1. Among the candidates Lys44, Lys38, Lys53, Lys20, which residue alone is out of contact with any Phe, Trp or Tyr (no Cβ under 9 Å at 6 or more places or on another chain) and either of a type in the set (Val, Ile, Thr) or within 23 Å of Asn8 (Cα to Cα) (or both)?
2. Looking at Ala76, Ala48, which is the one that is without any contact (Cβ under 8 Å) to a residue 24 or more places away in the chain and in contact with a helix residue (DSSP H, G or I) (Cβ under 7 Å, 6 or more places away or on another chain)?
3. Can you say whether Gly84 is modelled with pLDDT of 55 or more and touching an Asp or Glu at 6+ places or on another chain (Cβ under 7 Å), as far as the supplied structure shows?
4. Give segment 59-92 a look and list any residue that's closer than 23 Å to Ala13 by Cα and open to solvent by 80 Å² or more (accessible area, probe 1.4 Å), or say none.
5. Among the residues of segment 44-58, write down those that are within 26 Å of the chain's Cα centre (by Cα), in a helix (DSSP H, G or I) and surrounded by fewer than 18 Cβ atoms within 10 Å (Cβ to Cβ).
6. Considering only residues of segment 104-116 that are of a type in the set (A, V, I, L, M, F, W, C) and touching a Leu at 6+ places or on another chain (Cβ under 9 Å), which is surrounded by the most Cβ atoms within 10 Å (Cβ to Cβ)?
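The values are calculated or read from the model by the stated rules, or taken from the named source; none is laboratory data. Computed from a prediction, not measured in an experiment: that's the story for all the values here. When we count neighbours, we look across all protein chains shown, and the Cβ atoms used for this are built from the backbone with ideal geometry, even at glycine. Ligands, DNA and RNA are excluded from the accessible area calculation, which covers all protein heavy atoms including side chains. Shrake-Rupley method; radii C 1.70, N 1.55, O 1.52, S 1.80 Å.
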Amino acid sequence: MASSSSYNSPCAACKFLRRKCMSGCVFAPYFPPEEPQKFANVHKIFGASNVTKLLNELLPHQREDAVNSLAYEAEARVRDPVYGCVGAISFLQRQVQRLQKELDAANADLIRFACNEIPTALPVPSGVSSIQPMLPRQRPLEFTRRINEGEGLYQPPAYSHPYISPWSDIPSGGFNDGGGEGKNM
């Protein structure tokens, strides 16, 4: 948190806006002069006056989290103008789903391996050949079906839409389902 005075350099916001940074500057604690790109992105996406209004409406202990959120979304919007941070979230969710499928497959392989390693044969009486194939332990039909179809031990809940957009008029909040165009339901 940098405060500005006559001998310190102005905060990144005042420097960007080319104005004098006063002692009560609402931007100074959150946009230090060492991070000019942070404010530039926030200003480009949200506008300085909108950010000022937002910060003035919040309680002081909430402002830092709000600025961090705005800066994150602004940087994501600069990188990906269409999806912003939703694109990053979707990418991470797909990666989690892919890794969950890999984990489920590994669990299924472990179960198959463990079931094949459990001896089910009784001790061999003398005179009978001891080289007999060991059969895997019998499993219930439903369990075998689930393993063969690739279902694992843990199934995470499935989500139809990873993000409910704030501009959607439709409760499901889908991206391409016509929300946000002023349609009344």
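1. On the way: Lys44 fails: either of a type in the set (Val, Ile, Thr) or within 23 Å of Asn8 (Cα to Cα) (or both); Lys38 fails: out of contact with any Phe, Trp or Tyr (no Cβ under 9 Å at 6 or more places or on another chain); Lys53 fails: either of a type in the set (Val, Ile, Thr) or within 23 Å of Asn8 (Cα to Cα) (or both).
So the residue among Lys44, Lys38, Lys53, Lys20 that is out of contact with any Phe, Trp or Tyr (no Cβ under 9 Å at 6 or more places or on another chain) and either of a type in the set (Val, Ile, Thr) or within 23 Å of Asn8 (Cα to Cα) (or both) is Lys20.
2. Details: Ala48 fails: without any contact (Cβ under 8 Å) to a residue 24 or more places away in the chain.
Exactly one of Ala76, Ala48 is without any contact (Cβ under 8 Å) to a residue 24 or more places away in the chain and in contact with a helix residue (DSSP H, G or I) (Cβ under 7 Å, 6 or more places away or on another chain), namely Ala76.
3. Values: modelled with pLDDT of 55 or more: yes; touching an Asp or Glu at 6+ places or on another chain (Cβ under 7 Å): yes.
Taking the combined requirement at face value, the residue satisfies it.
4. Leu59, Pro60, His61, Glu64, Asp65, Tyr72, Glu75, Arg79, Pro81 - these are the residues of segment 59-92 that are closer than 23 Å to Ala13 by Cα and open to solvent by 80 Å² or more (accessible area, probe 1.4 Å).
5. Of everything in segment 44-58, those that are within 26 Å of the chain's Cα centre (by Cα), in a helix (DSSP H, G or I) and surrounded by fewer than 18 Cβ atoms within 10 Å (Cβ to Cβ) turn out to be Lys44, Phe46, Leu54.
6. Selected residue: Ala108.
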